[in-house]
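Below you'll find the structure, written out as structure tokens, and then a few comments.
The values are calculated or read from the model by the stated rules, or taken from the named source; none is laboratory data. Source: prediction; values computed, not measured. Don't worry about glycine lacking a Cβ; one is built from the backbone with ideal geometry, like all the others, and counts go over all protein chains shown.
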Amino acid sequence: MAGPGDGVFSGVGVALITIFDERGGVEVAATAEHAARLVDLGMRAVVVAGSTGEAAALAPDERAALVTAVRRAVPAAVPVIAGTGAASAHQAIALTTDAAAAGADAALVLSPPGTADVVPYYRRVADAVPGFPVLAYHYPAVSPPGIPVGVLGELPIAGCKDSSGDPDRLLAELVAWDGRLYVGSAAILSLAGPLGCAGAILALANAEPEACIDAFAGDAKAQRGLAESHATAKQAFPQGIKQLTAARWGLPTHARMG
């Protein structure tokens, strides 16, 4: 198992949607089947119960059931990463502990909202589950202010996902920090891959995994081809990405959020 400073994976991973039925119930088996299909198409990791998976609307037992089912559905070599960020370290520790018990290989931990100094938060989470890899998660649009570039080197993490979509920040991170950086925006894949990012964790990979892989490899045509889908996926979350995924795979578009 990877530890702080080690990589969790390299390449493109998917921020998995959660599939719901018409009454809002979690379709655990269908979600796991979708994860397996995406892995067959080249996804190198699966994030379960993250922002794209409508984690804020999931109960703890639902999160655990999804992690367990996805872990069983995909090959052992493909890490299953659980979203476990929360407003407090106490909550994040509980979610991270539950994720590890359910079979997750690592945790993606969103920085807490309204917190300028995130170092104590990440240290408490990492200390609570020794040896369990933690990826920090910078997403200021959802949980401001996010993670300052200058503190990345102080965090006990196996890497960081940056979903800001900000190329200036991306460059600053790559210059100032030698850790493993995963980009979370499909808009800058063809920049992130050639510049040396470890990988990407993408909502859009639910619908267009092949093009996401090609764009991260530096294919400018593939990057341009993702532009319309990227814009759609950002609209009216989570309906945008669920509609794209439904159009590709025939999956239901039911959601608990939005």
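Numbers below:
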{"read-out": "Residue match in segment 140-154 (condition: closer than 27 Å to residue 68 by Cβ, assigned to a helix (DSSP H, G or I) and out of contact with any helix residue (DSSP H, G or I) (no Cβ under 8 Å at 6 or more places or on another chain))", "value": "no"}
{"read-out": "Test: residue in segment 103-123 that is among the basic types (Lys, Arg), more than 24 Å from residue 183 (Cα to Cα) and either buried (at least 24 other Cβ atoms within 10 Å of the Cβ) or more than 14 Å from the chain's Cα centre (by Cα) (or both)", "value": "no"}
{"read-out": "Failed criterion for residue 154 (all others in (1) in contact with a Lys or Arg (Cβ under 9 Å, 6 or more places away or on another chain); (2) over 19 Å from residue 43 (Cβ atoms); (3) buried (at least 16 other Cβ atoms within 10 Å of the Cβ) hold)", "value": "(3)"}
{"read-out": "Residue ID - surrounded by the most Cβ atoms within 10 Å (Cβ to Cβ), chosen from residues in segment 210-258 that are basic (Lys, Arg) and at pLDDT 95 or above", "value": "242"}
{"read-out": "Any chance residue 83 is surrounded by fewer than 17 Cβ atoms within 10 Å (Cβ to Cβ) and either closer than 19 Å to residue 204 by Cβ or not charged (D, E, K, R) (or both)", "value": "no"}
{"read-out": "Subset tally (residues that are in contact with a Lys or Arg (Cβ under 9 Å, 6 or more places away or on another chain) and either under 19 Å from residue 161 (Cα atoms) or of a type in the set (Lys, Arg) (or both)) for segment 16-42", "value": "1"}
{"read-out": "Near pairs, Cβ below 6 angstrom, 6+ apart or cross-chain, from segment 127-154 (closer than 24 Å to residue 56 by Cα and in contact (Cβ under 8 Å) with a residue 60 or more places away in the chain) to any residue that is in a loop (DSSP other than H, G, I, E, B) and among the β-branched types (Val, Ile, Thr)", "value": "133/8; 134/157"}
